[in-house]
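Chemist: Could you have a look at this structure, given as structure tokens, before my questions?
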Amino acid sequence: MLAAAAVPLALAGPAATAAAAPEPAGQVQQQAFTPIEERYWNDADLRQLLGEPVDSQHTDGETSYQRFQYGWLFHTEATGVTEIHGDIAARYNDIGGYDVLGAADADERVAPDGVGRYNQFAGSDATGPASIYWTDATGAQGVWGPIRDFWEAKGWEVGYLGYPTKTTTATVDGSGSYNHFVGPNGDGASVYWSEETDAHSVQGAIREAWAAQGWETGELGYPTTDEQVADDDIGRFNEFSGRQETGAVYWSPESGAHWLRGDVLRHWYDLDRYSGYLGYPTSDPHEVDGGVQVDFQGGYILRNPDTGAISDAPW
């Protein structure tokens, strides 16, 4: 009976062969490298750049990612394995890492001007597509959401706004967000966004006047236009939503930048603004005997706060 049950080895098949010749005890089949491991362990320069792993590899849908001492590696089928490192990686960590900004779509790039460096990111539901730009002067700063869309439309860092000098931040009143930028000639610029006003830029002397009255929490509120060129091709202005009444900041080389709002602003418009006898404003609203006054090159406008009466006169 035992002899009849025996099966010749040549006819036994894989299962019988495995049973007849088990692997030595303790032997483990070698696992294939993941794409992230493949790049990391086959690139000595990259290992030096990133340092040692500080976490295991994670998978989120079609994206894999891993954190290292000085950077991150990401993998998707569309992008392959991409990396971030140094100051950009440090800012990425400060913002919230993968959970907030998602995976980089390419390795760190050199900006078109040859000065800066940047990475673009897939982003999250909270941010949408995002960017981190770095220069030695500005450090690494993150930009996302409607402000990034606006900055992109204006030419990124080679446009008039230049590089960001601040990471996208919620406004004090909680209803908007903003970034600061280097601005034209390094004079500073800002992009402010709210649901009601959308994204607009304010720069130079007009920005300084707006900042002096309290940014978006002051009387002027959020910008509703970018800086505009006046019809005389001399002055510049921005219009604002106003906390209670709409306002504007006007600038000319002779008068400087000054703000006005509400009834005074409308009265000046009725007098043909800077083209009328008053010219450009030379002061912000200030209290005088009889009310609140704004001075102009050719005269003044006075508002009586008790009666609401508006009057104007030449000097």
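The values are calculated or read from the model by the stated rules, or taken from the named source; none is laboratory data. Here the structure is a predicted model, which is why all the values come from computation and not from measurement. Cβ coordinates were reconstructed from backbone atoms using ideal geometry, including for glycine residues, and neighbour counts include every protein chain displayed.
Chemist: For residue 149, state whether it is of a type in the set (Asp, Glu) and modelled with pLDDT of 95 or more.
Modeler: Values: of a type in the set (Asp, Glu): yes; modelled with pLDDT of 95 or more: yes.
It is true that residue 149 is of a type in the set (Asp, Glu) and modelled with pLDDT of 95 or more.
Chemist: Let me ask something additional. Taking the range 78-97 as the search range and keeping residues that are over 15 Å from residue 50 (Cα atoms) and aliphatic (A, V, I, L, M), which one is surrounded by the fewest Cβ atoms within 10 Å (Cβ to Cβ)?
Modeler: 78
Chemist: Would you confirm whether any residue within the range 209-232 is within 20 Å of the chain's Cα centre (by Cα) and among the hydrophobic types (A, V, I, L, M, F, W, C)?
Modeler: Let us first name the residues in the range 209-232 that are within 20 Å of the chain's Cα centre (by Cα), namely 211, 215-216, 222-227.
From what is left, the residues that are among the hydrophobic types (A, V, I, L, M, F, W, C) are 211, 215.
Checked against the condition, which is being within 20 Å of the chain's Cα centre (by Cα) and among the hydrophobic types (A, V, I, L, M, F, W, C), the range 209-232 yields at least one hit.
Chemist: Pick from 233, 312, 295, 272: which is among the acidic types (Asp, Glu), without any contact (Cβ under 8 Å) to a residue 40 or more places away in the chain and over 30 Å from residue 188 (Cα atoms)? Please lay out each step first, then the result.
Modeler: Working: 233 fails: over 30 Å from residue 188 (Cα atoms); 312 fails: without any contact (Cβ under 8 Å) to a residue 40 or more places away in the chain; 295 fails: over 30 Å from residue 188 (Cα atoms).
Among 233, 312, 295, 272, only 272 is among the acidic types (Asp, Glu), without any contact (Cβ under 8 Å) to a residue 40 or more places away in the chain and over 30 Å from residue 188 (Cα atoms).
Chemist: Filter the range 59-77 down to the residues that are among the polar types (S, T, N, Q) and crowded, with 17+ Cβ neighbours inside 10 Å and list them by number.
Modeler: First, pick out the residues of the range 59-77 that are among the polar types (S, T, N, Q): 59, 63-64, 66, 69, 76.
Residues satisfying the conditions are 63, 64, 66, 76.
Chemist: Now a separate question. Give the residues of the range 113-169 that are surrounded by 18 or more Cβ atoms within 10 Å (Cβ to Cβ) and of a type in the set (Gly, Ala, Ser), sorted by residue number.
Modeler: Of everything in the range 113-169, those that are surrounded by 18 or more Cβ atoms within 10 Å (Cβ to Cβ) and of a type in the set (Gly, Ala, Ser) turn out to be 116, 122, 123, 130, 131, 140, 142, 145, 162.
Chemist: If you take just the strands (runs of 3 or more DSSP E) that sit entirely in the range 53-146, which of them hold at least 3 residues that are farther than 25 Å from residue 163 by Cα and either modelled with pLDDT of 95 or more or within 14 Å of the chain's Cα centre (by Cα) (or both)? Explain how you work it out, then say what you get.
Modeler: Working: elements: 58-60, 63-67, 71-76, 80-85, 117-124, 128-135, 139-144.
By residue number, 58-60, 63-67, 71-76.
Chemist: Here are the criteria: (1) out of contact with any Leu (no Cβ under 6 Å at 6 or more places or on another chain); (2) of a type in the set (Gly, Ala, Ser); (3) closer than 19 Å to residue 146 by Cβ. Tell me which single one residue 212 does not satisfy.
Modeler: Here residue 212 meets the rest and fails (3).
Chemist: Every residue in the range 251-275 that is closer than 14 Å to residue 229 by Cα and in a strand (DSSP E or B), please. Give the derivation first.
Modeler: Restricting attention to the range 251-275, the residues satisfying the condition of being closer than 14 Å to residue 229 by Cα are 251-253, 257, 273-275.
Those that are closer than 14 Å to residue 229 by Cα and in a strand (DSSP E or B): 251, 252, 257.
Chemist: Search the range 34-45 for residues that are at negative phi and pair each with any residue that is part of a helix (DSSP H, G or I) when their beta-carbon atoms are under 9 Å apart and the residues are at least 6 apart or on different chains.
Modeler: Short answer, once both residue conditions are applied: 39/46; 40/46; 40/47; 40/50; 41/47; 43/49.
Chemist: How many residues are acidic (Asp, Glu), over 18 Å from residue 108 (Cβ atoms) and within 13 Å of the chain's Cα centre (by Cα) if we restrict to the range 147-173? Steps first, answer last, please.
Modeler: Going residue by residue through the range 147-173, those that are acidic (Asp, Glu) are 149, 152, 157, 173.
From what is left, the residues that are over 18 Å from residue 108 (Cβ atoms) are 149, 152, 173.
Pick out the ones that are also within 13 Å of the chain's Cα centre (by Cα) and you get 149, 152.
Summing the residues that are acidic (Asp, Glu), over 18 Å from residue 108 (Cβ atoms) and within 13 Å of the chain's Cα centre (by Cα) in the range 147-173 gives 2.
Chemist: Hey, another quick one. For residue 200, which of the numbered conditions (1) closer than 30 Å to residue 146 by Cα; (2) surrounded by fewer than 18 Cβ atoms within 10 Å (Cβ to Cβ) fails to hold?
Modeler: Residue 200 satisfies every listed condition except (2).
Chemist: For the range 289-315, name all the residues that are assigned to a loop (DSSP other than H, G, I, E, B) and of a type in the set (Gly, Ala, Ser).
Modeler: Restricting attention to the range 289-315, the residues satisfying the condition of being assigned to a loop (DSSP other than H, G, I, E, B) are 289-290, 297-298, 304-309, 315.
Once the filter is applied, which keeps residues that are assigned to a loop (DSSP other than H, G, I, E, B) and of a type in the set (Gly, Ala, Ser), the range 289-315 yields 290, 298, 308, 309.
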